[in-house]
Amino acid sequence: MRILVTGGAGFIGSHLCERLLNEGNEVICLDNFFTGRKVNIAHLRDNRDFEVIRHDVTEPIFVEVDQIYNFACPASPVHYQYNPVKTVKTNVMGMINMLGLAKRVKARILQASTSEVYGDPIEHPQTESYWGNVNPIGLRSCYDEGKRVAETLMMDYHRQSNVDTRIVRIFNTYGTRMLENDGRVVSNFIVQALRGEDLTIYGDGSQTRSFCYVSDLVDGIIKLMNVEGDDVHMPVNLGNPGEFTMTELAEEVGKATGRAINIKYLPLPQDDPKQRKPNIERATSLLGWQPTVALAEGLKKTADYFTGVVDAR
Ligand code: NAD
Ligand code: UDP
């Protein structure tokens, strides 16, 4: 198959491009390089089935493909809040452009949605049927509401124009190729620990997240794209149900890096969700998927990666 991956030079997108090439597909990686990097895909450049296009998804594009993975969008709060209007445009205009493309060439399209559609969730753990608790006018809204509109567009193009859609709601994912200055908690803690700096906990550290290693996530995403059936257009949660407070995460990072940990407490950002944990029963029954990499193991692999990056400075 010929497959388009938007955001393909980013953290998850680059792992996805690599896996799809290994499975014998042709891959077109589209990226505007806002948070993506050429180094993430440098090892793929000699593969004759790999192509890179510098392009912004807010502009239409004309290519002939069989499948589209729409991953273009900054994912870290630091980066998506840098230019919030652009984040909305990427999620809404980008989604319309990719759905228009899917409709024209009859490609199947998978949208990278997020657990952020649940906002600061009152239902715990979160199932796909939960509608969420989202502030429409806060600092996180450009991302949360942008992704919610993108889901609406996916469902409407499916119902109205019969576009073959898949929606994955990704819970916090981490691993190699995250940016050193990404701003998300796992990379922040690991980089801080390796540099001998204090780990920055926002708030009192009691908020929880569930962390999925990137290889597990990519497995689930590819399964979802290729599953057939009546029920496949409705959203699917993918994430690791292990739930940790940020204080516990800091301790785990100490073990994974082998460094002594000191904590610095900083103010909690606005609308920071208090708890998050996926219910993955739907993914398990529909895809036969469940994560296999435990937090300690994934943190070790990520710390090894960052040791190279941080030392190379
Ligand atoms: P990332 O920031 O590393 O990757 C995003 C990629 O999209 C980058 O390569 C960036 O340059 C590109 N991009 C951004 N705006 C673009 C635009 N307008 N046109 C073209 N390219 C653009 O983030 P990531 O963690 O790899 O996330 C990838 C996708 O998965 C995002 O859509 C994100 O919302 C979603 N997601 C990620 C997580 C997570 O925990 N990592 C959780 C939920 C959802
Ligand atoms: N966080 C933290 N220290 C950091 C970065 C983040 O304590 O250096 C907290 C943040 O407030 C949130 C959790 O870690 O409660 C996860 O944040 P992240 O930005 O990784 O993801 P998201 O909030 O989008 O789930």
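Taking segment 158-257 and the helices (runs of 4 or more DSSP H) fully enclosed by it, the elements with 3 or more residues that are within 15 Å of ligand 1 (Cβ to nearest atom) and open to solvent by less than 10 Å² (accessible area, probe 1.4 Å) are at 185-194, 214-226.
Table: residues versus (1) under 19 Å from Val191 (Cα atoms); (2) hydrophobic (A, V, I, L, M, F, W, C); (3) within 10 Å of ligand 2 (Cβ to nearest atom).
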| residue | (1), (2), (3) |
| --- | --- |
| Gly239 | no, no, no |
| Gly242 | no, no, no |
| Glu248 | yes, no, no |
| Gly254 | yes, no, no |
| Thr257 | yes, no, no |
| Ala260 | yes, yes, no |
| Asp271 | no, no, yes |
| Glu281 | no, no, no |
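Taken over segment 54-68, the criterion of being surrounded by fewer than 19 Cβ atoms within 10 Å (Cβ to Cβ) and either among the basic types (Lys, Arg) or not in a loop (DSSP other than H, G, I, E, B) (or both) is satisfied by Arg54 alone. Among the conditions (1) of a type in the set (Val, Ile, Thr); (2) in contact (Cβ under 8 Å) with a residue 40 or more places away in the chain; (3) within 16 Å of ligand 1 (Cβ to nearest atom), Val134 misses just one, which is (2). When Thr90 is tested against the conditions (1) within 16 Å of ligand 2 (Cβ to nearest atom); (2) crowded, with 19+ Cβ neighbours inside 10 Å, the lone failure is (1). Just to verify a result, which residue in segment 68-81, among those that are more than 9 Å from ligand 1 (Cβ to nearest atom) and under 13 Å from Arg140 (Cβ atoms), is nearest to the chain's Cα centre (by Cα)? By that ranking, first place goes to Pro77.
Taking the criterion of being within 16 Å of the chain's Cα centre (by Cα) and part of a helix (DSSP H, G or I), the residues of segment 106-141 that qualify are Ser115, Glu116, Val117, Tyr118.
Restricting the first member to segment 1-26 and to residues that are modelled with pLDDT of 95 or more and part of a helix (DSSP H, G or I), and the second to residues that are polar (S, T, N, Q) and open to solvent by 10 Å² or more (accessible area, probe 1.4 Å), the beta-carbon pairs closer than 7 Å and six or more apart or on different chains are Ile12/Thr173; Leu21/Asn47. The residues of segment 264-273 include none that are outside any loop (DSSP other than H, G, I, E, B) and either touching a His at 6+ places or on another chain (Cβ under 8 Å) or surrounded by 14 or more Cβ atoms within 10 Å (Cβ to Cβ) (or both). Scanning segment 28-53 for residues that are more than 9 Å from ligand 1 (Cβ to nearest atom) and either of a type in the set (D, E, K, R) or assigned to a loop (DSSP other than H, G, I, E, B) (or both) turns up Lys38, Arg45, Asp46, Asn47, Arg48, Asp49, Glu51.
Selection of first residues in segment 102-128 that are in contact (Cβ under 8 Å) with a residue 24 or more places away in the chain and within 16 Å of ligand 2 (Cβ to nearest atom) and of second residues that are part of a loop (DSSP other than H, G, I, E, B) and among the β-branched types (Val, Ile, Thr), restricted to Cβ pairs under 9 Å at least 6 apart or on distinct chains, gives the following pairs, ordered by first then second residue: Glu116/Val134; Val117/Val134; Tyr118/Val134; Gly119/Val134; Asp120/Val134; Pro125/Ile280. For the residues Lys86, Lys103, Lys38, the requirement of being within 28 Å of Lys223 (Cβ to Cβ) and modelled with pLDDT of 95 or more singles out Lys103.
The values are calculated or read from the model by the stated rules, or taken from the named source; none is laboratory data. All of these numbers come straight from a predicted model, not from anything done at the bench. Note: ideal-geometry Cβ built from the backbone for every residue, glycine included; neighbour counts use all protein chains shown. Ligands, DNA and RNA are stripped out before the accessible areas are found, and what is left, the full protein with its side chains, is counted by its heavy atoms. Shrake-Rupley method; radii C 1.70, N 1.55, O 1.52, S 1.80 Å.
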